[in-house]
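Below is one structure; the comments refer to it alone.
Any read-out appearing in this document is the output of simple, stated calculations on the displayed coordinates, not a laboratory observation. What you see is a predicted model; the values in this text were computed from it and never measured. Reconstructed Cβ throughout: ideal geometry from the backbone, glycine too, with neighbour counts over all protein chains shown.
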Amino acid sequence: MFRLLLRSEQVQSIDALDSAFNLMDDVHTNVIAGLALDDGETIAAWLPEADVEFGPPVVGFPVSPRSPNPPRAFSLFDGPDVSVIGADGKQVPVKYIGLDAATGLSILRLETKNAVSADAVQARAIEAEPVNSGDSVLLFGPEPVTKTRPVLARMGAIEGRVEGIVPAPSGGIARFKVSAAKLSKANIGGVAVNQAGDTIGIIDGLEGNEASILPASSIKRAAQRVLERQASVPRPWLGVKGEAVAALKLDQILNHGWEMPRAAALAGKHRGILLTSIVPGSPAERAELRAGDVILKIDDKDIQSADEFTWWLDQAGPSSSVEFTVARPDRPVEWALNVKLSGMLDQSFKVNWRSHFPSAQGFWLIDQGIETIALKPLVAAQLGTTPGLLIVYVDPVTAAFEAGLEAGDVIQTINGRPVSELRTTPKSDSYTFEVIRKKQKRVVKVAAKKK
């Protein structure tokens, strides 16, 4: 919960908790529907708070043998229970496998195959059924049931029509849009079904009276990625901002260091992504990409739009190497450049940290892969700890993680100085953190991040 606040509200400290906030109460999340895949034991569901609620899982990065246990959910309390209610109303246990960040879907595995009853698991396989503009589809979602207060408890279907199809660069459908009346945010996560009763996708977004549908083929690929890794799969991260050359005017290309003849030739071909900025410390910076460079191809596939660029990066996956064909303003010929991607479950947070949190203390810690939120005395007492900086996440590919810092630790001092007194960025080859973990004081030494 604190990590969700930190990311969505830009909250830097918790000063007090409302009397209605009882840490001993059960906490639930609303789940509209889960899509049971044809193996009878895998369920794909839209759980947007998954990586916060279930804690940061291991995402396949190499970890030193000296490392502590993998990152886990917020450690002051027990982790959440996950269960599925089948068509017969019975509750069955499931294991949360992980989040596929490329689609936003969470993958669950039933502890007992077909435990949600035969009716709830489709008899036919979920395939990439043909979808055509003008087709009628049914969008399933909750209907309000009013008694003493509104409760979303009954599932209903809204009839809609396919209005637009976005083709995938690799073939097939990347997504499609359905227009329908009476759509609301409650429909996100609901299942889309064609007139033959085939499941054709999951609603993953709304824009006015149009629902964006993630097709069945993408759902199956998401499930496969997570099941192969048995953990969450982050989106590949390059660390650039850019614009499609086809969408730029000639003077915009010239403003990034290109001379007229080559800029005109570049614009005439209508391909490539012109990089406008590079994130410090990113895979792009390590590969020595620069603002003004144009990425023309990914693994020999021509790039004409930002959507194509994102699609092919997603297909490559995190921790993979890709080959870019690059053109540079001051280099007369194109050349091939190999770049090793990294992965992030939430790419925007680290990039935007500087603007949201200008304090040296918070900025320095996030650069070390440590996300924190300050606990004031009253809240610390309610949590059974002491005031300080509560760690809500430690990046699993950092020295801080290897040294043993964990989510749930409360930082008291850094290099002997109370965190409340730190006003400038500490400078040292290593840092000594004094933390409180489960009411016990611990000392953790961390090597400084190398620039």
For a quick check: sort THR413, THR199 by the number of other beta carbons within 10 angstrom, fewest at the front. THR413, THR199
So, with points 7 Å from each Cα along the Cβ direction, the ALA231-SER170 label distance in nm works out to 2.2
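When N counts the residues of region 235-344, how does its alpha-carbon radius of gyration compare numerically with 2.2 N^0.38 Å, as a ratio? Intermediate values should be presented prior to the final figure.
Details: Rg = 13.0 Å, N = 110, 2.2 N^0.38 = 13.1 Å.
Computed over Cα atoms of region 235-344, the ratio equals 0.99.
Packing-wise, with mean Cβ within 10 Å as the measure, how do 189-196, 329-336, 376-383 rank, highest first?
On the way: 189-196: 19.4, 329-336: 10.6, 376-383: 15.0.
Going by the mean number of other Cβ atoms within 10 Å, highest first, we get 189-196, 376-383, 329-336.
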Just list whichever of LYS241/LYS340; LYS90/LYS220; LYS95/LYS241; LYS249/LYS340; LYS113/LYS182 have alpha carbons separated by over 28 Å in the model shown. LYS95/LYS241; LYS249/LYS340; LYS113/LYS182
Please report SER106, SER136 as a ranked list, fewest other C-beta atoms within 10 angstrom at the top and most at the bottom. SER136, SER106
Taking 7 Å along the Cα-to-C-beta vector as the label spot, tell me the LYS90-GLU111 distance in nanometres, rounded to one decimal. 1.4
Quick calc: nm separation of the 7 Å Cα→Cβ label points for LEU337 and LYS376 -> 4.7
